[in-house]
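These notes concern the structure reproduced below.
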Amino acid sequence: MAEVFRGVFTQQLPIPPEAEAAALAVLRSGRLHRYNLAPGETGETGALESEFAAAMGARYSLAVASGGQALALALRAAHVAPGDPVLTNAFTLAPVPGAIAGIGARPVFVEITDRLTIDLDDLAAKLPRARVLLLSHMRGHSADMDRVMALCGAAGVRVIEDCAHTMGARWRGVASGRHGLAGCYSTQTYKHLNSGEGGLIVSDDADLIARATWMSGSYMLHDRHPAGPGPGAYGTTMWTDPNLSARMDHLRAAILRPQLRALAATCAAWTERYRVVEAGLAGAPFLRLISRPAEEDFVGSSFQFRLPGWSAAAIAGFVAACAGRGVELKWFGAPQPQGFTSRYDHWRYAAPEPLPQTDRVLAELIDMRLPLSFSLEDCALIARILCDELSRAAAKGAVARREAAE
Ligand SMILES: *Cc1c(COP(=O)(O)O)cnc(C)c1O
């Protein structure tokens, strides 16, 4: 009988007992707002910022309400103004162009490669059009950051990294988020730390963090930011920049601190699962794995592969067959946005220019979550089901060349 997987692809691990105890202490204190501190108290939020800055090797850190808010605040703090173009890779999640458009700026999408990372030739061609690149390390795939930074540096373009899927990852030993002007992270439930909602910014730039802190809603209380710059960095921001109320509270910070201490182990556990799926799919027919360069120390919290040459109908059939056996896949080629999955040409408010190379990659791209609630045996079973359904699709002759099918 055909094997069926019973796990739930959206099920993360429970919040650890240590975090539960810390959260309870915050609840019992009644002091949940980050600036509500007893005399001499640092508070969970300030402590989280100090510990996160240290973990990422950054001078400053600011905790905020979400990853999307982290991106929007970093862009504004980097002096991106309404109407300004902002370069961003076309393969990303909707909050990234959303952060750009939300501050009145204009996303300019850059093509991606077969490795799902920003295309450096298209980037080079588009660099003269903008002063900021918001680079999203989508699904944990890192571009050649040495080349990205060299190109952007030569063009005077500043880089803000979206590390929603790369917290804990490195490129040639440098932590993701530490290549450019600022790194932005999410602590939303499906990311590498889980506080339901939440975000973090790191930077060595005092002006950027001071302005982001002010705009996050610090009132006149920036002395309560142990991982922020001194009062001298605040300059005129309090007269020129709005309060956007995007703070993190002590409850979320309390939940995050124990998880942050376990981040390296968590990331290793994810990548172990990724490697089991990858090994299980090695040699599978009609499928292409995404290559992972040696410089990339990635976190395997999700898995992608391509189905080159498959017709849209064959891919839809394969996804449905896998779903029938409990393996939940996302397809980036679907004509309509589905669940969390949408594509650059769905973001019509951004008036996207056509990107034929990205279209070709996304039309064949399959995406799968790998929550830590799955055991290594679960991952092996998932790979067996995928291989089995690939063989069935082939046997049915469903894997016609796309041209033949259309
Ligand atoms: C989740 C996500 C974000 C935004 O994070 P939120 O905390 O949900 O606002 C940004 N970029 C990418 C690639 C994401 O997956």
In the range 135-206, if every C-alpha pair distance is counted and binned at 5 Å from zero, what percent goes to each bin? 4, 17, 27, 25, 15, 7, 3, 1
Provide the packing ranking of 259-268, 199-208, i.e. peptides ordered by the mean count of other C-beta atoms within 10 Å per residue, highest first. 199-208, 259-268
Over every pair of different alpha-carbon atoms in the range 55-142, take the mean of 1/r and invert it; report that Kirkwood radius in Å. 13.6
Extension gain, residue 81 back to residue 359 (0.36 nm per residue minus Cα-Cα distance, nm): 97.1 nm
q = 0.15, 0.21, 0.22 Å⁻¹: log10 I(q)/I(0) that the Debye formula gives for the range 216-288, counting C-alpha atoms only: -0.73, -1.00, -1.04
Can you give me the angle between helix 206-215 and the longest principal axis of the chain, using Cα atoms only, in degrees from 0 to 90, rounded to the nearest 10? 90
Convex hull volume of the range 143-183 per residue (C-alpha atoms, cubic angstrom): 57
Dividing the convex hull volume of the Cα atoms of the range 290-352 by its residue count, what figure in Å³ per residue is obtained? 149
Based on other C-beta atoms within 10 Å, arrange 272, 49 from fewest to most. 272, 49
Principal axes first, then extents: for the Cα atoms of the range 249-406, list largest minus smallest coordinate on each axis, whole Å, largest first. 56, 42, 33
Relative contact order of the chain: what whole-number percent is it, with Cα pairs under 8 angstrom and at least 6 residues apart? 22
Considering the alpha-carbon set of the chain alone, what are its Rg and its Dmax in angstrom? 21.8, 73
Relative counts (whole %) of C-alpha pair distances in the range 7-77, using bins that are 5 Å wide: 3, 12, 15, 20, 22, 15, 9, 3, 1, 0
In debye to the nearest 20, how big a dipole does the chain give about its Cα centre with +1 on each Lys and Arg Cβ and -1 on each Asp and Glu Cβ? 320
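Just so you know, all these numbers are worked out from the coordinates, no wet-lab data involved. In this text the structure is predicted, and so the values were computed from the model without any measurement. Note that each Cβ is placed from the backbone with ideal geometry, even for glycine, and that neighbours are counted across all protein chains shown.
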